[in-house]
Amino acid sequence: MTALTMTLPPSLDELVRQLAIKRGTSTDSLIASILSRELGSATHRLYQISTAGSLVEGVHEGAIWASELLKHGDFGLGTFQNLNGEMVILEGSIYQVLADGTVKHREDDFKIPFAAVCQFKEEGRFAMGAVASLRELETVCDAYRETQNLFYALRVVGLFDTMRTRAVRAVSAGTSLVRAAKSQREFDFRNVEGTLIGIWSPPYSKAFSVSGYHFHFLSKDRTQGGHVLDCRAAALHVGIQTLWEYDVNLPENGTFLTADLSKDPADALAKAER
Ligand SMILES: [Zn+2]
């Protein structure tokens, strides 16, 4: 056992004492059980800002500060205000892949309209042989997912023979995702080492997330990336993590409150993301 000294606001201290009395336990074991629940579940939690369906409807003004998002995860993907590029979150850093092909390491604080992150902890690992397409890569990953009904984080590392990505160009407020995707820039990279940052979302989550696989890419030297459209590789390493807590933080103001989010966004998402 380790002794921990804590400074608590008096109101919280009072609540802890009352709850300990109510549960017939000591404050020490109450705090230990709260901490273990919090720390244990953090490794299985996907934390998301806003919904994919609202992006489809053109809701893409900032909803959460980058510094706040990073408290919830060090690995994930998302987009920027006015859909200005593709977001990659890797090892606790946020990268912005812009439509001119450049990659910016964003160390400033700014507001983010949509993102999904987790604390990445590899639970399973496997080697992947040659894959001729993104579709093939996804099929190989399928075998390592235990169920269709939980979320997964996937980190795929290696040398890619070819990599095709896209980055959306900044659009005016209210532009739908499908319209924005029409002016996207596509990039073809060859013999590029890097990481795929992937989230797999169950079909039932389609109003919230991009159902199925969603991969963003970042090269090892952090100069190339984007939303992955296709790739080819001879050998890759995949780390996988199951996520069974799905924490969605909805924007409490702005156009999210007035947008019509009653439509099924699945077709529009498939069109914009594939
Ligand atoms: Zn994407």
From the option list 105, 60, single residue qualifying as buried (at least 19 other Cβ atoms within 10 Å of the Cβ), in contact (Cβ under 8 Å) with a residue 24 or more places away in the chain and either within 16 Å of the ligand (Cβ to nearest atom) or under 24 Å from residue 155 (Cβ atoms) (or both) is 60
Output the number of residues of region 244-274 satisfying the condition of being more than 16 Å from the ligand (Cβ to nearest atom) and either over 16 Å from the mean Cα position of the chain (by Cα) or not in a loop (DSSP other than H, G, I, E, B) (or both).
20
Count of region 186-205 residues which are farther than 20 Å from residue 144 by Cα and within 15 Å of the ligand (Cβ to nearest atom)
2
Is there any pair linking a residue in region 119-134 that is of a type in the set (Lys, Arg) to one that is part of a loop (DSSP other than H, G, I, E, B), with Cβ under 7 Å and at least six apart or on different chains, and which?
121/43
Pairs returned, first residue in region 207-230 that is under 15 Å from residue 102 (Cα atoms), second residue that is more than 8 Å from the ligand (Cβ to nearest atom) and basic (Lys, Arg), beta-carbon separation under 8 angstrom, 6 or more apart or interchain, are 226/166; 227/166
Lone qualifier among 78, 73 - being surrounded by 15 or more Cβ atoms within 10 Å (Cβ to Cβ), within 13 Å of the ligand (Cβ to nearest atom) and modelled with pLDDT of 95 or more:
78
In region 206-243, how many are under 28 Å from residue 267 (Cβ atoms), more than 15 Å from the chain's Cα centre (by Cα) and away from the ligand (no atom under 16 Å from the Cβ)?
2
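The values are calculated or read from the model by the stated rules, or taken from the named source; none is laboratory data. Model, not experiment: these values are computed from the prediction. Neighbour counts are summed over all protein chains in view; Cβ atoms, including those assigned to glycine, are modelled from backbone coordinates with ideal geometry.
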